[in-house]
Amino acid sequence: MPFDKGNGGDRPQAIPGISPKIKTGAPQGEQRLCFVSLEPSRQSGIQRTYHEVLTTHQSLPSPHSIKIVRAFFASLRSTLIIFGLVCSGTVLAYPAQGTESLRLQAGPIERTVTLEDLEQFAATGELPPTLQDFAPLITTELQSLLNQSFDIDRHIADRFLQDLLKTRDGQTLMAQIQQAIPHSSRHDLQFAMYETLNAAEKITPLTILAHYPQEELTIDLITAGRLALQLRRADLHSHILSPVLARELRVKSSRSPWPRPSFDPSRPGPHPVRQRNLIFQDRNRQRRISVDIYHSHHAQGPLIVLSHGFAADRRFMAYLGEHLASYGFTVVALEHPGSNIDLLAKISLNREPGEVLPAQEFIDRPLDIQFLLNEIERRKPNWPHSGGLFNTDQVVVVGHSLGGYTALALAGGELDLPALRSFCQKSSPIGRSPADWLQCSAAELPHRTLNFRDRRVIQAVALNPVIGHLFGPEGISKVMAPVMIFSHNHDAVAPILEHQLLPFRELTVNKSLITILGATHMSITDESNSNSTMAQSTLVREVMGAEAAPVRALVQGLILSLVQQHTAKAEIYRPFLSAAYVESRSTPELTMRFTRELPPGVNRWVEALVLPSLVPDATRSAWFNFNQRWVALQHRLRPPRSCRGQLNRIFNQLLS
């Protein structure tokens, strides 16, 4: 350990990025070091945030207003998750002392609670006296959150967050968290998460707090609440839109009742299904494309191509391929080698997390399908007994998630990269959904616009698509083929408002929207994926397996009826493409709706929710300026608590 011998004896040289504050007055014999930042954080009033949420919806019916306010308070419970999910990176050797108490600030009001109080509440549900002032925020949901154990791959999480913090988004994210946790440093935040990932038996919000290397941790509830609102923005939208969609899209009682036909299109067809696997090598792009082909001896109608989502594979919708083939359609399910399930293994082995979804993949995915169609056309004359199996003149592309983007791109949607870059530069990293992070990967492309329109594609079906700002309002309006979109209100990956409802409004072609209230992003996947990593995740609860069977049945019936519109049986299947049929498939847990246009009642809410005033910008208020000065004065009068220690031992520990 290097020491400076001048001006007052032995003292350690400064370590870049670390400012040790050592203070006498701690109990004799304690050897602890605390790192503090003296820069006061931005704050605002919880009263103002609460007031604006109320006044924004003061014209709503009372039960709906109460639900929105409850959603606002529920969003505050995400404060600990904001802290826990984004803090990792550089490894520092800190003393083992962790947080013992939390100082909760709301403007000039502050209370101190011990970590033991939170642990007691998490274990028993009883509210300690120190938490009584925050009773509106202390709910059973918070108790559940504090006890929630996060089942994540620690190695992947550690590497991903280290890589993230090197980016501009990562720096912005860290700065926002430090506003919510005044006097914290980046090194402290990184250390807390690193220690939790490597030392804790299980990862919970409380274990993350327990590993933070300060005796007392200050949390600005106002700033944290504002960040939590951003984090929970999609969830808040879902709370608001779900009853609106259920009510406004419901079949009116004056309409004639659904005439139940003599057959169910979701049931298997009459033909035995054959399956084979082929591999196509695109030497120009160095891509090896595996495909599963589902077919029968009674070929009819268009060729159907299935495109999986990010980190999935060609068997993601195997049940759908088998179902359509049993009715005589040929289905080709391909695997996109640049965004398939193999990427998860590459992350944990030798791939940089920031390269998980290269920008080039937004070009290669549509080109994968065009290459596949070209190869099938080229090889058909040499395939014996192929007959009419591959109707490449009429192609229906069905895509899930990122595959939904792929389907719309082939239908004519034009990538608007300037609009996408603008969104990615201006949006807060905390407010982004997983689909937003994925779409922002495309912002690195050097082009202004890209169009992959393939005239062989006569229909696009987008299941929980990732759309967002990829096309922009002008680019999505250039879609030339009819479109069917499936949207689920509990989709935490590609939220319903920005990735489905807003783009659906801009489509000018023949279109239909199916909303399933109660379903999630993975609800349409094959039942064999019920034990997948996504299904077992504790961060996002997915409705899958047996409880999602009605969703898969609806997908089978509707897509079959849709492709039958290109056969001689169109009239027989047309009644199934209706609001009455879709609504008839609802269950007590899953409410299903169908529409071809968003009614005025839905449009009003969609327009209201995209206004920035829904999440108040507290930094523009006079109350904020007062709070900022108050905290600065308070900081001078009562500096943050530090710990006393012997310099030699402290800095030896730092370098050990």
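Is it fair to say Leu104 is under 32 Å from the mean Cα position of the chain (by Cα), modelled with pLDDT of 80 or more and either part of a helix (DSSP H, G or I) or closer than 25 Å to Phe191 by Cα (or both)? For Leu104, the condition - under 32 Å from the mean Cα position of the chain (by Cα), modelled with pLDDT of 80 or more and either part of a helix (DSSP H, G or I) or closer than 25 Å to Phe191 by Cα (or both) - is met. Within this structure, Ala359 passes the test of being modelled with pLDDT under 95 and either among the basic types (Lys, Arg) or assigned by TED's automatic domain parsing to the domain that holds Leu470 (or both). For first residues located in segment 186-209 and not assigned by TED's automatic domain parsing to the domain that holds Ala122, partners that are among the hydrophobic types (A, V, I, L, M, F, W, C) and surrounded by fewer than 19 Cβ atoms within 10 Å (Cβ to Cβ) and lie 6+ apart or on another chain with Cβ distances below 9 Å do not occur. Would you check if there is a residue in segment 404-426 being assigned to a helix (DSSP H, G or I), closer than 28 Å to His295 by Cβ and under 18 Å from the mean Cα position of the chain (by Cα)? Yes, that holds for at least one residue.
Residues in segment 429-452 that are under 14 Å from the mean Cα position of the chain (by Cα) and not in a helix (DSSP H, G or I) were compared, and the one that is farthest from Gly309 (Cα to Cα) is Arg432.
Is segment 378-388 home to any residue that is under 19 Å from Val563 (Cβ atoms) and surrounded by fewer than 17 Cβ atoms within 10 Å (Cβ to Cβ)? So far as segment 378-388 goes, yes, one or more of its residues are under 19 Å from Val563 (Cβ atoms) and surrounded by fewer than 17 Cβ atoms within 10 Å (Cβ to Cβ).
Residue by residue, here is whether (1) crowded, with 18+ Cβ neighbours inside 10 Å; (2) of a type outside the set (Lys, Arg); (3) modelled with pLDDT of 65 or more; (4) under 20 Å from Leu217 (Cβ atoms) holds:
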| residue | (1), (2), (3), (4) |
| --- | --- |
| Leu118 | yes, yes, yes, yes |
| Thr124 | no, yes, yes, no |
| Pro136 | no, yes, yes, no |
| Thr139 | no, yes, yes, no |
| Leu142 | yes, yes, yes, yes |
| Asn147 | no, yes, yes, yes |
| Asp153 | no, yes, no, no |
| Ile156 | no, yes, no, no |
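For His521, indicate whether it is assigned to a helix (DSSP H, G or I) and in contact (Cβ under 8 Å) with a residue 24 or more places away in the chain. No, not satisfied. When you look at Val291, is it of a type in the set (A, V, I, L, M) and farther than 30 Å from Pro429 by Cβ, yes or no? When the stated conditions are applied, Val291 passes them. Reported count of residues in segment 196-221, each being within 18 Å of Ser185 (Cβ to Cβ) and hydroxyl-bearing (Ser, Thr, Tyr), is 3. Within segment 312-335, the residues that satisfy the criterion of being surrounded by fewer than 24 Cβ atoms within 10 Å (Cβ to Cβ), touching a residue at least 60 places away in the same chain (Cβ under 8 Å) and farther than 18 Å from Leu562 by Cβ are Arg315, Ala318.
Give the residue that is nearest to the chain's Cα centre (by Cα), with candidates limited to residues of segment 498-518 that are part of a helix (DSSP H, G or I) and surrounded by fewer than 22 Cβ atoms within 10 Å (Cβ to Cβ).
Filtering segment 498-518 for residues part of a helix (DSSP H, G or I) gives 498-506.
From the residues that got through so far, the ones that are surrounded by fewer than 22 Cβ atoms within 10 Å (Cβ to Cβ) too are 502, 505-506.
On the way: Leu502: 17, Arg505: 22, Glu506: 23 Å.
My answer is Leu502.
Within segment 113-126, residues that are within 15 Å of Leu209 (Cα to Cα) have Cβ atoms under 8 Å from residues that are among the polar types (S, T, N, Q) and outside any helix (DSSP H, G or I) in these pairs: Val113/Ser101; Thr114/Ser101; Leu115/Thr99; Leu115/Ser101, counting only partners at least 6 apart in sequence or on another chain. The residues in segment 563-615 that are touching a Phe, Trp or Tyr at 6+ places or on another chain (Cβ under 8 Å), under 19 Å from His490 (Cβ atoms) and not in a helix (DSSP H, G or I) can be counted, and the count is 1.
Before we move on, is Gln214 at pLDDT 80 or above, polar (S, T, N, Q) and not assigned by TED's automatic domain parsing to the domain that holds Ile496? I'd like the intermediate steps shown before the answer.
Values: at pLDDT 80 or above: yes; polar (S, T, N, Q): yes; not assigned by TED's automatic domain parsing to the domain that holds Ile496: yes.
Yes, satisfied.
For segment 552-575, the tally of residues that are touching a residue at least 40 places away in the same chain (Cβ under 8 Å), surrounded by fewer than 21 Cβ atoms within 10 Å (Cβ to Cβ) and within 17 Å of Val251 (Cβ to Cβ) stands at 1.
Do we have Ala535 as modelled with pLDDT of 95 or more, surrounded by fewer than 20 Cβ atoms within 10 Å (Cβ to Cβ) and assigned to a helix (DSSP H, G or I) here? So that I can check it myself, show each step before the final result.
Numbers: modelled with pLDDT of 95 or more: no; surrounded by fewer than 20 Cβ atoms within 10 Å (Cβ to Cβ): yes; assigned to a helix (DSSP H, G or I): yes.
Spelling it out, it is not the case that Ala535 is modelled with pLDDT of 95 or more, surrounded by fewer than 20 Cβ atoms within 10 Å (Cβ to Cβ) and assigned to a helix (DSSP H, G or I).
The values are calculated or read from the model by the stated rules, or taken from the named source; none is laboratory data. Computed from a predicted model, the values in this text were never measured in an experiment. Ideal geometry is used to build each Cβ from the backbone, glycine not excepted, and the neighbour counts take in all protein chains shown.
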